[in-house]
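Step one of this worksheet: look at the structure below.
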Amino acid sequence: MSDPIFVRTHHNYESYVDLFRLIDLSGFPVCYPEEVEADSDNTYLVTVLNGEIGDRWAGARARIVHLNCEWDPYPKYAGISETFHFDAWFASKHGVRYVPLGSHPSLAEGVLGESRTYDAAFLMYVLPRRSTIRYELERRGLWLTPTGAWGDERHTLLTNSKSYLHVHQRDDAPGIPALRMVVAAAYKLPVLMEDVPDRGMFGYTTFLSSSYDALPEMVTQWLHPSNAGMLHDYGMDLHELLCGEYTFRRSIEGAL
């Protein structure tokens, strides 16, 4: 079977930088919506559904799949026959196929600059439920990275972080954040996160979690120097899973 073709929109979504870097590193071809050959035997993976898509593929013969990387279900678009989602809980709730995303070790490349050492990478859009956790952690003396960084700046911050922290953006979307996991895996960073209802393929050796209310105290305990060996093992296990056993290419090929 020939490689699937990823469809990207002309509008650039900054939050999808890592996804398209993985697509490039894994050697998959990419096209724009108007270049999709709907009457062919090709397989296409659509990453974003916006106004550029519309109903342009009505009656498609090609296999067109929506790779949903968001926390909301989308209405059915003409010609798109399937939906994949990276989180087991979300996939089960909305009746779509669970396809966890693998990573690639070269996602951790960049030009290294000067930086202090951080206890945790806190790279996320800040909302009240997240800023509360940040405040509580800093009150306990932990050093967290700035919340926004890309390119070489992000590479420097992640290289100098001891862990990768995730707090759910919304109470009603408590799933595993695939595009954070692939980055953490590439950098061999242990992931500390808020509890999830379904770990899917990740089991109990690839990240640590606790309830929202207990998260500040638990993160503080996990980051105690006496637990450095444990955190190292979690980071390495995640790296081996997503950058060794189950790379991005393998995750896509296995789903198709």
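The values are calculated or read from the model by the stated rules, or taken from the named source; none is laboratory data. None of these values were measured; they are calculated from a predicted model. All Cβ positions, glycine included, derive from the backbone under ideal geometry; neighbour counts span all protein chains shown.
Things worth noting here:
- Looking across the stretch 107-122, not a single residue is in contact with a Cys (Cβ under 9 Å, 6 or more places away or on another chain) and exposed (fewer than 15 other Cβ atoms within 10 Å of the Cβ).
- Test: residue in the stretch 63-71 that is surrounded by fewer than 13 Cβ atoms within 10 Å (Cβ to Cβ), over 20 Å from the mean Cα position of the chain (by Cα) and farther than 17 Å from Y246 by Cβ: no
- Restricting attention to the stretch 124-147 and to residues that are among the hydrophobic types (A, V, I, L, M, F, W, C) and in contact (Cβ under 8 Å) with a residue 40 or more places away in the chain, the residue that is surrounded by the most Cβ atoms within 10 Å (Cβ to Cβ) turns out to be L137.
- Pair list, Cβ under 8 Å, 6 or more apart: the stretch 227-256 residue in contact (Cβ under 8 Å) with a residue 60 or more places away in the chain, other residue among the β-branched types (V, I, T) and part of a helix (DSSP H, G or I): L242/V182; F248/I23; F248/V182
- Selected residue (criterion: surrounded by the fewest Cβ atoms within 10 Å (Cβ to Cβ)) from residues of the stretch 38-53 that are over 15 Å from P4 (Cβ atoms) and in contact with a His (Cβ under 7 Å, 6 or more places away or on another chain): N50
- Test: R56 is modelled with pLDDT under 95, surrounded by fewer than 15 Cβ atoms within 10 Å (Cβ to Cβ), in contact with an Asp or Glu (Cβ under 8 Å, 6 or more places away or on another chain) and charged (D, E, K, R): yes
- When the stretch 135-168 is filtered for residues that are within 14 Å of E194 (Cβ to Cβ) and touching a Ser or Thr at 6+ places or on another chain (Cβ under 8 Å), only L137 remains.
- Given (1) in contact with a helix residue (DSSP H, G or I) (Cβ under 8 Å, 6 or more places away or on another chain); (2) surrounded by fewer than 19 Cβ atoms within 10 Å (Cβ to Cβ), number of the condition E217 does not satisfy: (1)
- Exclusive hit being within 16 Å of the chain's Cα centre (by Cα) and more than 21 Å from L112 (Cα to Cα), set G148, G141, G175: G175
- Residues (of a type in the set (D, E) and over 22 Å from C31 (Cβ atoms)) located in the stretch 58-111: D72, D87, E109
- Taken together, the residues in the stretch 72-96 that are surrounded by fewer than 21 Cβ atoms within 10 Å (Cβ to Cβ), under 14 Å from M201 (Cα atoms) and touching a helix residue (DSSP H, G or I) at 6+ places or on another chain (Cβ under 6 Å) amount to 1.
- Residues satisfying the stated conditions in the stretch 132-147, i.e. in a helix (DSSP H, G or I) and out of contact with any strand residue (DSSP E or B) (no Cβ under 7 Å at 6 or more places or on another chain): T132, I133, Y135, E136, R139
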